[in-house]
Amino acid sequence: MQSHILLTNQPIIVAKERYESENPQNCRLFCVEELSIEIAREIIDESYIASNGDKLVLIAANSFNIYAQNALLKILEEPPNQVFFILFAKMKSQLLPTIRSRMPIINQLKKEKLPPFSLAIRTLSLNEIYLFLKEKSKEFNLSPTQLKVEIQSLYLDCIKEGLNFNLKEIKLFEEALFWAGHYEKAHYIFLVLLLMVLDKKKQKMHENIRV
C-alpha cells in the first residue's frame with residue numbers, strides 16, 4: 001500500500017465507494033465540501049490512534065483550505081508507522097505544490113463539457129457587467145472549484161466569439177485561476193477579467209470597421 005493523490009470528477013462519491021470496499025476497522029473516512037483546519041486536526045489526531053495492522057485514511061473534498069493543507073504537510077511527509085493516506089481531489093491545482101511533491105498522483109479524471117458563461121460575450125455591456133458583479137458580491141458559498149470552472153467558461157466563450165488574447169491577457173486568466181484557488185472574492189476577479197474582455201471586444205470592433 002502507498003499513500004497517493006487520486007484525481008477524480010466526483011471525489012466524495014469515489015472516496016465513499018472506496019471506504020465501503022475496505023475493512024472499517026482499519027479505514028477512516030473524511031468527506032467534506034471544504035477541507036478546513038478543524039478537519040485537518042481531526043485527521044492528524046486520528047492518524048496517531050493505534051490500530052491492528054495498516055490503517056488507511058481517506059480524505060475527500062471539493063475544495064481544500066490552504067491552512068488545512070499546511071497543517072497536514074508534516075504528517076503526509078512523515079506518517080505514523082503503518083498509516084497510509086489517499087487524497088481525493090478534482091484538480092491537482094487545488095493542492096499545494098508541497099503536497100503534490102510528497103505523494104504520487106493517479107489521474108482518473110474524465111473530460112466534462114464546461115457550461116456556458118453566465119453572460120453572453122457577443123452582447124456584453126458595461127451595465128451587464130455591473131449587474132453581474134453586484135450579484136457575485138452576494139455569493140458566499142462559491143467554492144474555489146466552482147469559481148475556476150466559471151473562469152474557464154468565460155475564457156472558452158471568448159475564444160468562440162473570436163477574441164484572440166495575447167500572452168499578457170492569457171496570463172491574466174492564469175492569475176485569475178491562481179487567486180480563485182486562494183479564496184479571492186469572485187467579484188474582484190471577474191471585475192478585472194470582464195473589463196478586459198469588454199475592452200478586447202471594442203478593439204475587435206474598431207479593427208473590423210477599419211477593414
Exercise. Taking into account only those residues within the range 71-129 that are outside any loop (DSSP other than H, G, I, E, B), more than 22 Å from V149 (Cβ to Cβ) and among the charged types (D, E, K, R), which is least open to solvent (accessible area, probe 1.4 Å)?
Worked result: E77
Exercise. Mind checking whether some residue in the range 131-148 is without any contact (Cβ under 8 Å) to a residue 12 or more places away in the chain, in a helix (DSSP H, G or I) and hydroxyl-bearing (S, T, Y)?
Worked result: no
Exercise. Does at least one position in the range 48-64 carry a residue that is closer than 25 Å to S143 by Cα, touching a residue at least 60 places away in the same chain (Cβ under 8 Å), among the hydroxyl-bearing types (S, T, Y) and surrounded by fewer than 17 Cβ atoms within 10 Å (Cβ to Cβ)?
Worked result: no
For this session: Please work out if E139 is out of contact with any strand residue (DSSP E or B) (no Cβ under 7 Å at 6 or more places or on another chain) and under 22 Å from A61 (Cβ atoms).
Result: yes
Exercise. From the set of residues in the range 138-147 that are of a type outside the set (A, V, I, L, M) and crowded, with 21+ Cβ neighbours inside 10 Å, which is modelled with the lowest pLDDT?
Worked result: T145
For this session: Considering only the range 45-70, state which residues are under 25 Å from T145 (Cα atoms) and of a type in the set (V, I, T).
Result: V57, I59, I66
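Here's the yes/no breakdown for (1) touching a helix residue (DSSP H, G or I) at 6+ places or on another chain (Cβ under 8 Å); (2) over 20 Å from E34 (Cα atoms):
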| position | (1), (2) |
| --- | --- |
| L114 | yes, yes |
| L126 | yes, yes |
| E135 | no, yes |
| N141 | no, no |
| Y155 | yes, yes |
| I159 | no, yes |
For this session: All but one of (1) within 17 Å of the chain's Cα centre (by Cα); (2) in contact (Cβ under 8 Å) with a residue 40 or more places away in the chain; (3) open to solvent by less than 30 Å² (accessible area, probe 1.4 Å) hold for E33, so report the exception by its number.
Result: (3)
For this session: Would you check if there is a residue in the range 45-53 being at pLDDT 90 or above, closer than 25 Å to Q152 by Cα and of a type outside the set (A, V, I, L, M)?
Result: no
Exercise. Mind checking which residues of the range 172-190 are among the charged types (D, E, K, R) and closer than 15 Å to L142 by Cα?
Worked result: E184, K185
Seminar exercise, completed: Taking the range 149-177 and keeping residues without any contact (Cβ under 8 Å) to a residue 12 or more places away in the chain, under 21 Å from M91 (Cβ atoms) and not β-branched (V, I, T) leaves K171, E174, E175
Problem set entry | Tabulated pairs, the range 178-189, first touching a residue at least 24 places away in the same chain (Cβ under 8 Å), second open to solvent by 20 Å² or more (accessible area, probe 1.4 Å) and outside any helix (DSSP H, G or I), C-beta under 7 angstrom, 6+ apart or interchain | A186/E139; A186/L142; H187/S137
Exercise. Looking at this structure, is V192 under 26 Å from the mean Cα position of the chain (by Cα), under 30 Å from P97 (Cβ atoms) and open to solvent by 60 Å² or more (accessible area, probe 1.4 Å)?
Worked result: yes
Exercise. Yes or no: S3 more than 15 Å from I99 (Cβ to Cβ) and at pLDDT 90 or above?
Worked result: no
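The values are calculated or read from the model by the stated rules, or taken from the named source; none is laboratory data. Keep in mind that what you see is a predicted model, and the values were worked out from it rather than measured. Glycine also receives a Cβ, built like all others from the backbone with ideal geometry; neighbour counts cover every protein chain displayed. With ligands, DNA and RNA removed, areas are computed over all heavy atoms of the protein, side chains included. Shrake-Rupley method; radii C 1.70, N 1.55, O 1.52, S 1.80 Å.
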